[in-house]
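What follows is a short report on a single structure.
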Amino acid sequence: MKIIGLTGGIGSGKSTIAKEFAARGIPVYNSDDEAKKLIATNAQLRQRITETFGENAYINGQYNKAYIAQIVFNDANQLAQLNAIVHPALAVHFREWVQQQNTPYVIKEAAILFESGSYKDCDFIISVVAPEDLRIARVIARDHCTEAQVKARMAQQWTDAQRIALSNAVIENIDLEKAKQQVERIVKCEL
């Protein structure tokens, strides 16, 4: 089974494009969603995150995303610590998920596919791109945050140019209908 990596910077529309692949019957693993579930439910992760970031990491048993984001998106070392805790567990979870699939290929959607090193496990990589101003507007509308907060997250990710250089295909996600056509071409021609 081939593993197809799907990545892009924050606000590029990775999840929208992933839904297009899913609509064509291709299993999609959303790394961000699965990481959130593991952070919320895995006792070992909870313990390590609390030990690393303090008791405020979880409030009333719930992961304190805003608190952690404030720390990690302003300090690359702290972000690396969080990733070192979460990514090994996520990698195991992904391998287990892949074993349950029965298709020629699956999509692994991951915002930090390259930054985490998990691109090395992919047979084909697709990068989703969009202009920075559009990405910022999308994230502000989605997450109800400030432009400065979005830019701080962007600063922790690779640039489009860096991702494109290591990708097998690129989907420009400005106009959804055109993006859907690009997905269809990739499915028919390249995978």
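The values are calculated or read from the model by the stated rules, or taken from the named source; none is laboratory data. As the structure is a computational prediction, the values presented were derived from the model and not from experiment. A quick note on method: Cβ atoms are made from the backbone with ideal geometry, for glycine too, and the neighbour counts reach across all protein chains shown. Surface accessibility is based on the protein's heavy atoms, side chains included, excluding ligands, DNA and RNA. Shrake-Rupley method; radii C 1.70, N 1.55, O 1.52, S 1.80 Å.
Some observations on this one:
- The residue list 174, 164 contains one member that is touching a Ser or Thr at 6+ places or on another chain (Cβ under 7 Å) and of a type in the set (A, V, I, L, M, F, W, C), which is 164.
- Considering residues of segment 139-158 that are in contact (Cβ under 8 Å) with a residue 12 or more places away in the chain and open to solvent by less than 70 Å² (accessible area, probe 1.4 Å) only, the residue nearest to residue 112 (Cα to Cα): 157
- Within segment 92-131, the set of residues being acidic (Asp, Glu) and either in contact (Cβ under 8 Å) with a residue 24 or more places away in the chain or open to solvent by less than 50 Å² (accessible area, probe 1.4 Å) (or both) comprises 109, 115, 121, 123.
- Residue list for segment 164-180, restricted to those being touching a residue at least 40 places away in the same chain (Cβ under 8 Å), in a loop (DSSP other than H, G, I, E, B) and open to solvent by less than 80 Å² (accessible area, probe 1.4 Å): 167, 173
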